[in-house]
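Down below is the structure, laid out as structure tokens.
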Amino acid sequence: MCAMARPRKPLLSTDRIVETARELVDREGLAAVSTRRLAAELGVSGPSLYNHFRTKDEILEAVADSVSGLVDLSMFEDGRDWRTALRDWAVSYRAALRDHPNIVPVLARGPGRRPAALRLADAVYGAMVGAGWPPAQATSIGALMRYFIMGSALGSFAGGFVDDASAYDPADYPHLGQAHLLAEQQEKIDERAFETGLAALLDGLTQQYEQARQSV
């Protein structure tokens, strides 16, 4: 009787390393990532990772870019007006960051040389210029939206309040009598805050856009 062949381990690849590293970051945060830990997760020897990445920082950069690659950019190519496209993009961007919050500090450094992040920046800037925004304003819009979206993903407003009513003595905080209830409504409150802020930003930009066109 022939002995059964042992199942082969999946070949080590850049995509497999990045996917495993992203899962590790999602579960345990940036501090959990090391080449030794990642090699153990992959079932390989540590040095084998160096055939794909030279350093831990390179791995984290690749993880960050994989998250940028999850952001939908089709709205800038299918004929949507600039305001609708910007809104839909912001919602998609925030969803990607919400699903992978632990990598946001790396993303917040800026696109650097990351391809997906640069494609994202290029798409937003190109769409704004194509819609008639002056290049300087298009740059400012990209920066403004990035600040807003990143900020919304760096932490939860509602989750920052403890669910202990005694922490909010009315003698000290007369307007925080319901603050202990915020944490249990965290997702709903944070979502509503994002939608409110996004609408306000877009309303302001729309007003600027219309005023600029009327002055031409």
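Total residues in region 39-66 satisfying the condition of being of a type in the set (Val, Ile, Thr) and open to solvent by less than 30 Å² (accessible area, probe 1.4 Å): the figure is 2. Taking the criterion of being surrounded by 12 or more Cβ atoms within 10 Å (Cβ to Cβ) and either within 30 Å of Arg119 (Cα to Cα) or within 18 Å of the chain's Cα centre (by Cα) (or both), the residues of region 29-38 that qualify are Gly29, Leu30, Ala32, Val33, Ser34, Thr35, Leu38.
Scanning region 61-74 for residues that are closer than 11 Å to Arg114 by Cβ and part of a helix (DSSP H, G or I) yields Glu61, Ala62, Val63, Ala64, Asp65, Ser66, Val67, Ser68. Those helices (runs of 4 or more DSSP H) of region 75-153 in which 2 or more residues are more than 30 Å from Glu28 (Cβ to Cβ) and not hydroxyl-bearing (Ser, Thr, Tyr) occupy 82-99, 115-130. Applying a threshold of 6 Å to beta carbon distances and a minimum spacing of six or more residues, or different chains, the list of pairs starting in region 133-157 at a residue that is open to solvent by less than 60 Å² (accessible area, probe 1.4 Å) and ending at one that is part of a helix (DSSP H, G or I) and of a type in the set (Phe, Trp, Tyr) reads Ala138/Tyr125; Gly142/Tyr125; Ile149/Tyr93; Ser152/Phe194. Within the set Gly151, Gly112, Gly130, the sole residue that is closer than 14 Å to Arg83 by Cα and out of contact with any His (no Cβ under 9 Å at 6 or more places or on another chain) turns out to be Gly130. Say whether the condition of being farther than 26 Å from Ile103 by Cα, open to solvent by less than 90 Å² (accessible area, probe 1.4 Å), assigned to a loop (DSSP other than H, G, I, E, B) and among the acidic types (Asp, Glu) is met by at least one residue in region 162-174. Yes.
Quick grid of which residues meet (1) assigned to a loop (DSSP other than H, G, I, E, B); (2) among the basic types (Lys, Arg); (3) within 24 Å of Leu97 (Cβ to Cβ):
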| position | (1), (2), (3) |
| --- | --- |
| Ala21 | no, no, yes |
| Arg36 | no, yes, no |
| Pro47 | no, no, no |
| Glu58 | no, no, yes |
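Test Gln186 against the criterion of being open to solvent by 60 Å² or more (accessible area, probe 1.4 Å) and in contact with a Ser or Thr (Cβ under 9 Å, 6 or more places away or on another chain), and give yes or no. Here the answer is yes, as Gln186 does meet what is asked.
Figure legend. Inter-residue proximity from region 188-199: first residues without any contact (Cβ under 8 Å) to a residue 60 or more places away in the chain, second residues aliphatic (A, V, I, L, M), beta-carbon distance below 7 Å, spacing 6+ or different chains. Indicated pairs: Ile189/Ala158; Ile189/Leu182; Asp190/Ala158.
The values are calculated or read from the model by the stated rules, or taken from the named source; none is laboratory data. Keep in mind that what you see is a predicted model, and the values were worked out from it rather than measured. In this analysis, Cβ positions are derived from the backbone assuming ideal geometry, glycine residues included, and neighbour counts consider all displayed protein chains. Surface accessibility is based on the protein's heavy atoms, side chains included, excluding ligands, DNA and RNA. Shrake-Rupley method; radii C 1.70, N 1.55, O 1.52, S 1.80 Å.
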